[in-house]
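What follows is one structure encoded as structure tokens, with my remarks underneath.
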Amino acid sequence: LIKEYKRARIFAYPSLAETGETFGLAVLEAMSCGCAPFVSSLDCFKEFIETSRSGFVFDHKTGKCREAMQSGLREILMNESGQKAVSREARRVAKSFELDNVSARYLKDFARILA
């Protein structure tokens, strides 16, 4: 899977699961390989995707989801320099979710709670 992520420029993850998505690990995995993510506007992606900075977001609540996806993907594909900038930022953001960083944050939180 990592080999495929590294070959791709964009990772489209158009989930519509308002109550089923809890985080978006697949998106972070793709970001760590340099893919510019393209996701729906679910809340679970807001922790690590800032629109047009670390990823691209389409509004899945418009009632015209298919059209929003098509328009968003077309816009991304036509903007190669934007893709590259987002790809760089996506990789940087994904690094902050690597095991060492996340475990250090957990330990810090646990220490604060126990203090």
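The values are calculated or read from the model by the stated rules, or taken from the named source; none is laboratory data. Predicted, not measured: the structure shown is a model, and the values here were computed from it. Using ideal geometry, Cβ is built from the backbone for each residue, glycine included, and neighbour counts are taken over all protein chains shown. For the accessible areas, the whole protein counts, side chains as well, though only heavy atoms, and no ligand, DNA or RNA atoms are used. Shrake-Rupley method; radii C 1.70, N 1.55, O 1.52, S 1.80 Å.
Being modelled with pLDDT of 95 or more and surrounded by 14 or more Cβ atoms within 10 Å (Cβ to Cβ) is the requirement here; does ALA90 meet it? The answer is yes for ALA90.
Test ALA85 against the criterion of being open to solvent by 20 Å² or more (accessible area, probe 1.4 Å) and closer than 22 Å to ILE2 by Cα, and give yes or no. Against the criterion (open to solvent by 20 Å² or more (accessible area, probe 1.4 Å) and closer than 22 Å to ILE2 by Cα), ALA85 qualifies. Across the stretch 97-115, the number of residues qualifying as closer than 26 Å to PHE45 by Cβ, among the charged types (D, E, K, R) and open to solvent by 100 Å² or more (accessible area, probe 1.4 Å) comes to 3. Taking each residue of the stretch 1-15 that is in contact (Cβ under 8 Å) with a residue 60 or more places away in the chain and looking for partners that are in a helix (DSSP H, G or I) with beta-carbon atoms closer than 8 Å, six or more apart or interchain, yields ARG9/GLN83; ARG9/SER87; ILE10/LEU73; ILE10/ILE76; ILE10/LEU77; ILE10/GLN83; ALA12/MET69; ALA12/LEU73. Counting only helices (runs of 4 or more DSSP H) that fall entirely inside the stretch 1-82 and contain at least 1 residues that are surrounded by 16 or more Cβ atoms within 10 Å (Cβ to Cβ) and touching a Leu at 6+ places or on another chain (Cβ under 9 Å), the qualifying elements are 25-32.
Any chance the stretch 59-72 includes a residue that's of a type outside the set (Asp, Glu) and within 18 Å of ALA8 (Cβ to Cβ)? Within the stretch 59-72, one or more residues are of a type outside the set (Asp, Glu) and within 18 Å of ALA8 (Cβ to Cβ).
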